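To start, the structure under review is shown below, and the notes come after it.
The values are calculated or read from the model by the stated rules, or taken from the named source; none is laboratory data. Remember, predicted model here, so these are calculated numbers, not experimental data. As a convention, Cβ positions derive from the backbone with ideal geometry for all residues, glycine included, and neighbour counts pool all protein chains shown. These accessible areas exclude ligands, DNA and RNA; they are computed on the full protein's heavy atoms, side chains included. Shrake-Rupley method; radii C 1.70, N 1.55, O 1.52, S 1.80 Å.
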Amino acid sequence: MTIQELAAHVGQEVTLKGWLYNKRGSKHLLFLLLRDGTGLAQCVAAADSVDAGTWRVADEATQESALTVTGKVVLDERQAGGVELVVSSLALVGASAEYPITPKEHGIDFLMSHRHLWLRSRLPWAILRIRNRLIASIHAFFQERGFLQMDAPILTGNAVEGTSSLFELDYFDEKAYLTQSGQLYGEAMAMAFGRIYTFGPTFRAEKSKTRRHLTEFWMIEPEMAFFDLEDTLGLAEDLLTRVVRDALAHCAEELAILGRDTAPLERVRKPFPRISYTEAVDLLRSDATARMLEDRMQALEEENAALAEELAANRKRYGQAKKGERRRLDAREIAIRRRADEIAEALQNLPAWKDSARSFEWGSDFGGSDETVLTWHFDRPAMVHRYPAAAKAFYMKRDPDDARLAMALDVLAPEGYGEIIGGGERATDLAFLEEQIAAHDLPKEAFEWYLDLRRFGSVPHAGFGLGLERLLTWIGGIDHVRETIPFPRLMGRLSP
RNA sequence: UCCUCGGUAGCUCAAUGGUAGAGCAUGCGGCUGUUAACCGCAGGGUUGUAGGUUCGAGUCCUACCCGGGGAGCCA
């Protein structure tokens with residue numbers, strides 16, 4: 001019996017196996033909050049209705065002790081799942097001494113160093129269950145459409161586009177690299193099977209310390225023969241609407257635990273705005289963008305003032321407050337300070353972001369802040385297409401109507417989250433690709449197998465890469481991508 | 001590599017250059033419906049490291065180490 005099944009067994013005697021998440025109680029009555037991976041359930045033990053051994057185990061159990069609990073399921077509307085367990089007997093499976101993650105706030109450094117234990121807490125539980133749902137949903141989407149899942153190699157023999165960002169390793173005295181993308185292999189597989197998708201790990205050695213970067217992350221890369229840019233935009237749109245719908249339908253509890261406002265997710269419906277890179281640049285440089293950023297700054301200033309006022313009022317009350325009230329005021333003060341820090345940082349960043357947007361030059365790629373600013377203009381994912389070819393990879397197809405442009409696409413998640421998908425239509429012409437390889441100063445020998453795809457029945461084809469962790473960060477409304485993978489790999493952090 | 005903020009009890013944080021404290025956790029005691037329960041008592045400190053200024057340094061100065069956020073970088 002698992003906790004998530006309890007509600008269907010009201011009135012029955014059941015046995016749960018799990019860990020003690022928290023405990024409250026009095027001399028003759030204990031409330032044990034049990035965790036079994038599927039959820040939390042309150043188990044009530046009364047001194048006069050259990051045997052002495054059970055009472056002693058319950059009384060002495062510490063946080064994260066492993067327990068088996070037998071009791072009767074009863075309705076209790078005060079509980080999260082609507083039910084609780086009235087304990088008849090209870091046994092200790094594994095003791096737990098001085099569990100480090102206490103029911104109180106912790107700093108990110110401490111939590112990251114205890115990630116192996118932090119996974120047991122409620123927020124990671126909610127986030128990683130949504131991750132599971134997204135993975136299942138993505139597979140279902142592609143499988144239902146006849147795509148075959150295929151794996152690209154993780155070890156590769158050459159650095160595909162520039163060498164600086166890859167992890168290098170020794171492969172029997174040869175240089176090898178951890179893959180940064182399965183895309184070129186995806187193209188070969190698409191020529192063999194029609195429509196395929198890869199789903200696997202990807203590695204980037206960039207020294208980026210930001211909330212959107214990991215050095216190891218999971219990417220989904222569909223690649224489709226006989227697809228053009230328009231077909232691919234439609235596919236990305238269908239995929240995102242599907243996974244958001246599934247998350248809303250199956251992860252209501254998890255999203256509630258995260259405090260995610262689901263209204264922006266409910267708005268994720270077709271059609272998504274489609275704007276060209278050139279239109280996006282115009283939008284960035286517009287008065288509308290400048291005004292929007294000024295409004296945001298002003299709103300933050302006002303919020304800041306309100307918080308400062310509340311802080312002062314709370315401090316005045318603190319003197320006469322009783323202990324319980326003081327604790328609440330302390331907690332509120334910490335929350336206010338944290339928010340004030342965020343506001344201060346935003347107020348420090350926004351003027352620079354405004355300048356960056358205003359003075360953006362046609363031809364360069366969008367920076368993180370430019371993407372964020374663009375997303376604030378739309379209430380659903382925005383699809384930006386036709387980028388300057390110089391800013392994109394060598395294998396991108398050129399726009400037949402404007403040779404400066406590549407048939408690339410990016411999808412920017414709303415609410416400031418930014419790029420979750422990058423891809424486009426691939427070049428089909430052998431001579432053009434040979435030129436590009438030379439122009440990018442790439443070793444032609446390494447690409448001979450790739451060029452074969454153009455020598456033997458070259459067809460229009462396209463694909464994209466979807467970053468799983470960035471997708472989840474957006475859907476969960478999470479601050480930092482590191483919380484969306486069980487054991488994040490970041491610059492300067494390789495353990496646990 | 002650069003900018004910026006930080007490092008004080010196991011954890012989260014306080015502390016005008018002048019006796020290092022609180023909450024949580026732990027231990028003991030109280031309480032028969034708690035929801036981060038509550039109430040009382042107790043133990044718990046090389047204030048990141050190394051120097052310097054000062055009668056006196058958690059606080060000021062210098063260097064270094066570690067971490068957060070951001071920039072650059074990043075299909």
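Tabulated results
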{"quantity": "Given (1) outside any loop (DSSP other than H, G, I, E, B); (2) farther than 29 Å from A:Arg212 by Cβ; (3) open to solvent by 10 Å² or more (accessible area, probe 1.4 Å), index of the condition A:Arg482 fails", "calculated": "(2)"}
{"quantity": "Failed item in (1) in contact (Cβ under 8 Å) with a residue 60 or more places away in the chain; (2) closer than 23 Å to A:Glu253 by Cα; (3) not aromatic (Phe, Trp, Tyr), with A:Val14 passing the rest", "calculated": "(2)"}
{"quantity": "Qualifying residue in region A:407-429 (condition: open to solvent by 30 Å² or more (accessible area, probe 1.4 Å) and over 26 Å from A:Thr289 (Cα atoms))", "calculated": "yes"}
{"quantity": "Residue list for region A:440-467, filter: within 16 Å of RNA strand B (Cβ to nearest atom) and among the small types (Gly, Ala, Ser)", "calculated": "A:Ala446, A:Ala462, A:Gly463, A:Gly465, A:Gly467"}
{"quantity": "Residues of region A:60-82 satisfying the condition of being within 34 Å of the chain's Cα centre (by Cα) and not in a strand (DSSP E or B)", "calculated": "A:Thr62, A:Gln63, A:Glu64, A:Ser65, A:Glu77, A:Arg78, A:Gln79, A:Ala80, A:Gly81, A:Gly82"}
{"quantity": "Test result for A:Ala403, out of contact with any Leu (no Cβ under 7 Å at 6 or more places or on another chain) and either closer than 16 Å to A:Glu237 by Cβ or surrounded by fewer than 18 Cβ atoms within 10 Å (Cβ to Cβ) (or both)", "calculated": "yes"}
{"quantity": "Single residue of region A:343-360 satisfying the filter (free of Cβ contacts under 8 Å to residues at least 40 places away in the same chain and open to solvent by 90 Å² or more (accessible area, probe 1.4 Å)) that is nearest to A:Ala288 (Cα to Cα)", "calculated": "A:Asp355"}
{"quantity": "Qualifying residue in region A:254-277 (condition: out of contact with any Pro (no Cβ under 6 Å at 6 or more places or on another chain), under 26 Å from A:Asp365 (Cβ atoms), open to solvent by 60 Å² or more (accessible area, probe 1.4 Å) and touching a residue at least 12 places away in the same chain (Cβ under 8 Å))", "calculated": "yes"}
{"quantity": "Residue that is farthest from A:Glu98 (Cα to Cα), among those in region A:34-63 that are among the β-branched types (Val, Ile, Thr) and near RNA strand B (Cβ under 8 Å from one of its atoms)", "calculated": "A:Val44"}
{"quantity": "Pairs, first within 23 Å of A:Ala52 (Cβ to Cβ) in region A:22-36, second near RNA strand B (Cβ under 6 Å from one of its atoms) and assigned to a loop (DSSP other than H, G, I, E, B), C-beta under 9 Å, six or more apart", "calculated": "A:Lys23/A:Thr62; A:Lys23/A:Gln63"}
{"quantity": "Test: residue in region A:244-267 that is among the charged types (D, E, K, R) and under 30 Å from A:Ile154 (Cα atoms)", "calculated": "yes"}
